[in-house]
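Trainee: The structure that follows is given in the form of structure tokens.
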Amino acid sequence: MKVAFQGIQGAYSEMALNEHFGKDVETISCDSFDDVFDMVNQGEVTFGFIPVENTIAGTVVENYDLLFANEVFVIAEAYLPIKHALLAKKGARLEDIKEAFSHPHALKQCKVYLKSKNIRMAPTYDTAGAAQTVASGDRLDCAAIASERCAEIYNMEIIERNIQTNNSNTTRFFVIAKKENVPKDHVTGKTTIAFKTRHYPGALLDCLKIFQKYKLNLTKLESRPVPENPWEYIFYAAFEAGIDNDEVKAAIGELTLHAVFVKLLGSYPIADKCW
């Protein structure tokens, strides 16, 4: 079985993927999240594995936009505790480090530590890629923020461990698949949808009352702009019940009467929390 993820060897997505599927799965590295979706759509991989939310940095909005734009289905969620390390070339010392490279979310999660050490933040596309770049360079005054596993892979010095601001720092991931690849014995316990309200005062409230009516506990509600229609928004919502639940079917049916449209993005088991 092949599973695509964004990043290179040592990325947090790859670590979470291996925890979810096991070490025997074949992981396929992609340069971008678009590439992950393309590989799933084209049938080059069975599943895609994407981050969608972090307890500190918030929602990975790009992936929600891609979920809406593509005909894929979320079949699972997974959580990974994020423990950032400051990595540098062998022989580097903490007092020499002037600049740290990493993904913007990782930099944000370690902002307090970096500020306390007067280390400048240098955004890059991913954490493992930052580690690889620093390891292959010749500078001893720069470092990367990445997983400790990257230190093993790229033969780097661990300058300091657990530099994230919050020790409950956790990232949530989705497993995505083409609808024909959804397992026949698929179990659901949580559902994610996208919908657009009509344009009148209280339109969103009328939609939200439907979830209350059917006693569906919302775990996420977030709006995203529609680029083609300025100042119009799509709402993403998640609630604790599977699509096979009668109340969910009734609620979505009623929601379609109040909203401009409703799109089912996925229904999946509730993953075990890791904090």
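Read-outs throughout are calculated quantities, based only on the coordinates presented, and are distinct from any laboratory measurement. Not measured: the values here are computed from a predicted model. Here the Cβ is made from the backbone with ideal geometry for all residues, glycine too, and neighbour counts use every protein chain on show.
Trainee: In degrees from 0 to 90, rounded to the nearest 10, what is the angle of the helix 127-136 Cα long axis to the longest principal axis of the chain?
Mentor: 20 degrees
Trainee: Sticking with this one: Please give the FRET efficiency for Tyr200 paired with Val112, using the beta carbon to beta carbon distance and R0 = 45 Å, rounded to the nearest 0.05.
Mentor: Result of the calculation: an efficiency of 0.50.
Trainee: Quick check: pseudo-label points 7 Å beyond the Cα along Cα→Cβ at Phe68 and Glu26, how many nm apart are they?
Mentor: About 3.5 nm separates the two model spin labels.
Trainee: Take the Cα atoms of the chain, build their convex hull, and give its volume per residue in Å³.
Mentor: Cα convex hull per residue, to the nearest whole number: 142 Å³.
Trainee: Taking Cα atoms, how many degrees apart are the long axis of helix 12-21 and the longest axis of the chain, rounded to 10 and kept between 0 and 90?
Mentor: Helix 12-21 and the main axis of the chain meet at about 60 degrees.
Trainee: Sum -39500 (n - 2.57) across every DSSP H segment of at least 4 residues in the chain, then divide by the residue count to get the 222 nm mean residue ellipticity, nearest 500.
Mentor: -8000 deg cm²/dmol
Trainee: Here is a follow-up. Can you tell me how much longer the chain between Phe261 and Lys83 gets when fully stretched, taken as 0.36 nm per residue apart minus their C-alpha distance, in nm with one decimal?
Mentor: 60.1 nm
Trainee: Kirkwood hydrodynamic radius (Cα pairs, Å) of region 1-92?
Mentor: 14.2 Å
Trainee: Please say if region 85-160 is rounded, prolate or oblate, where rounded means a/c under 1.5 for a ≥ b ≥ c the square roots of the C-alpha gyration tensor eigenvalues, and otherwise the choice is prolate for a/b larger than b/c and oblate otherwise?
Mentor: oblate
Trainee: When only alpha-carbon atoms count, how far does region 179-251 stretch along each of its three principal axes, as whole angstroms with the largest first?
Mentor: Principal-axis extents of region 179-251 (Cα, largest first): 41, 29, 18 Å.
Trainee: Further, regarding this structure: I'd like the GluC sites (Glu not before Pro) in region 3-103 restricted to DSSP loop residues with at most 12 other Cβ atoms within 10 Å, sorted by number.
Mentor: Loop-located and lightly packed - Glu44, Glu71.
Trainee: Given the Cα atoms of region 134-275, and with Rh set as the inverse mean 1/r over their pairs in the Kirkwood sense, what is Rg to Rh to two decimals?
Mentor: 1.14
Trainee: Under a plain spin-label model, where a point goes 7 Å from the Cα along Cα-to-Cβ, how far apart in nm are Ser136 and Lys184?
Mentor: About 4.6 nm separates the two model spin labels.
Trainee: Using the count of nearby Cβ atoms within 10 Å as a rough guide to exposure, how do Ser147, Ser168 rank from fewest to most?
Mentor: Ser168, Ser147
Trainee: With +1 on each Lys and Arg Cβ and -1 on each Asp and Glu Cβ, how big is the dipole of the chain about its Cα centre, in debye rounded to the nearest 20?
Mentor: 820 debye
Trainee: Still on this structure, please answer the following. Rounding to the nearest 10 and keeping the result within 0 to 90°, find how far the Cα-based axis of helix 203-213 lies from the longest principal axis of the chain.
Mentor: It is inclined by approximately 80 degrees.
Trainee: What number, in percent, do you get for the relative contact order of the chain if the mean sequence gap of Cα pairs under 8 Å and at least 6 apart is divided by its residue count?
Mentor: About 23 percent, as a whole number.
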